[in-house]
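Engineer: This is the structure, below, for whatever I ask next.
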């Protein structure tokens, strides 16, 4: 009986490991919101890291987070590094592309709690008197991350944060 249980557990474990190995080698999560404001009003909230505390959902993870800014105050080359508690982690963001009132691309490097190197992208598309703002993140999916996604949905976890952040951005931009 014990042997059968051990074999069943090993087979289940093997299936999980194989399933994880067959998952895609990259991921993409994105959410979109419509904001009743022109892109010119919304863009500075995204393009300048000093404005992120007014809307970013990650600001509440650690009230004592330490930030340093370098490079230009906004736009291409602007850098924000942070070091926080276990929830906020440690990392660095650098704006690699800034197209006024249209797009901001960010290289996003995490060093703690887990190393990760991703790209975040904000696109703003005018639609009449409002703007559709899309927040997306993509990057490689190493095996450990694939294994984690067998049990946790990356889209649901990160997507929920994006939805909160876009809701906050909507609130500050529509004032």
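Engineer: Find how much the distance from residue 22 to residue 164 grows on full extension, using 0.36 nm per residue of separation minus their present alpha carbon separation; answer in nm with one decimal. Could the numbers behind the result be given before it?
Structural biologist: Details: separation 142, 0.36 × 142 = 51.12 nm, distance 3.12 nm.
Here the answer is 48.0 nm.
Engineer: Where does each of 151-159, 23-31 land if you order them by average Cβ count within 10 Å, highest first?
Structural biologist: Working: 151-159: 12.7, 23-31: 14.9.
Answer by packing, highest mean first, reads 23-31, 151-159.
Engineer: Once you treat every alpha carbon in the range 81-175 as an equal point and sum by Debye, what is log10 I(q)/I(0) at q = 0.11, 0.20, 0.21, 0.25 Å⁻¹?
Structural biologist: Scattering profile of the range 81-175, log10 relative to I(0): -0.40, -1.18, -1.26, -1.46.
Engineer: So, one more: Contact order normalised by length for the chain, with contacts defined as Cα pairs under 8 Å and 6 or more residues apart; what percent is it?
Structural biologist: Values: 325 pairs, mean separation 52.6, N = 175.
Contact order relative to length: 30 percent.
Engineer: Remind me, relative contact order of the range 119-175 in percent, using alpha carbon pairs under 8 angstrom and six or more residues apart? Show your work: numbers first, answer last.
Structural biologist: Values: 30 pairs, mean separation 14.2, N = 57.
For the range 119-175, the relative contact order is 25 percent.
Engineer: Can you give the angle from 0 to 90° between the axis of helix 2-21 and the longest principal axis of the chain, with both taken from C-alpha atoms, to the nearest 10?
Structural biologist: Roughly 30 degrees, rounded to the nearest 10.
Engineer: For the range 128-174, rounded, prolate or oblate, judged on the Cα gyration tensor with a ≥ b ≥ c (square roots of eigenvalues), a/c < 1.5 rounded, else prolate if a/b > b/c? Please list the in-between numbers first.
Structural biologist: Numbers: a/c = 4.20, a/b = 2.66, b/c = 1.58.
Prolate shape, in that a/c is at least 1.5 and a/b is the bigger ratio.
Engineer: Per q in 0.09, 0.10 1/Å, what log10 I(q)/I(0) does a Debye calculation on the alpha-carbon atoms of the range 1-149 return?
Structural biologist: Treating every Cα as an identical point scatterer, log10 I(q)/I(0) equals -0.40, -0.47.
Engineer: If each DSSP helix of 4+ residues adds -39,500 (n - 2.57) and the sum is divided by the residues in the chain, what number results at 222 nm, nearest 500 deg cm²/dmol? Can you show the working numbers first?
Structural biologist: Values: 4 runs with 55 residues, N = 175.
Value at 222 nm, helices only, nearest 500: -10000 deg cm²/dmol.
Engineer: Could you check which residue among 140, 63, 44 shows the biggest mean-square fluctuation in a GNM of the chain with a 10 Å Cα cutoff?
Structural biologist: Top of the fluctuation ranking is 63.
Engineer: If you line up the long axis of helix 154-173 against the longest principal axis of the chain, both from Cα atoms, how many degrees apart are they, to the nearest 10?
Structural biologist: For helix 154-173, the angle is close to 10 degrees.
Engineer: Using alpha carbon centroids, what distance separates the range 71-130 and the range 2-22, in Å?
Structural biologist: Result: 40 Å between the Cα centres.
Engineer: If I model a spin label as a point 7 Å beyond the Cα along the Cα-Cβ vector, how far apart are those points for residue 51 and residue 148 in nm?
Structural biologist: Rounded to a tenth, the inter-label distance reads 3.1 nm.
Engineer: Quick check on the range 21-94: take the gyration tensor over C-alpha atoms, sort the square-rooted eigenvalues as a ≥ b ≥ c, and tell me if it's rounded (a/c under 1.5), prolate or oblate.
Structural biologist: Working: a/c = 1.57, a/b = 1.09, b/c = 1.44.
Oblate, since a/c reaches 1.5 and b/c is not below a/b.
Engineer: At what distance in nm do the modelled label points of residue 155 and residue 87 sit from each other, each positioned 7 Å from its Cα along Cα→Cβ?
Structural biologist: 2.6 nm
Engineer: How big is the range 66-117 by Rg and Dmax over its Cα atoms, in Å?
Structural biologist: Rg then Dmax for the range 66-117, in Å: 11.9, 35.
Only the coordinates and a few stated rules stand behind these numbers; no lab work does. Bear in mind the structure is a predicted one, so any value in this text is a computation, not a measurement. All Cβ positions, glycine included, derive from the backbone under ideal geometry; neighbour counts span all protein chains shown.
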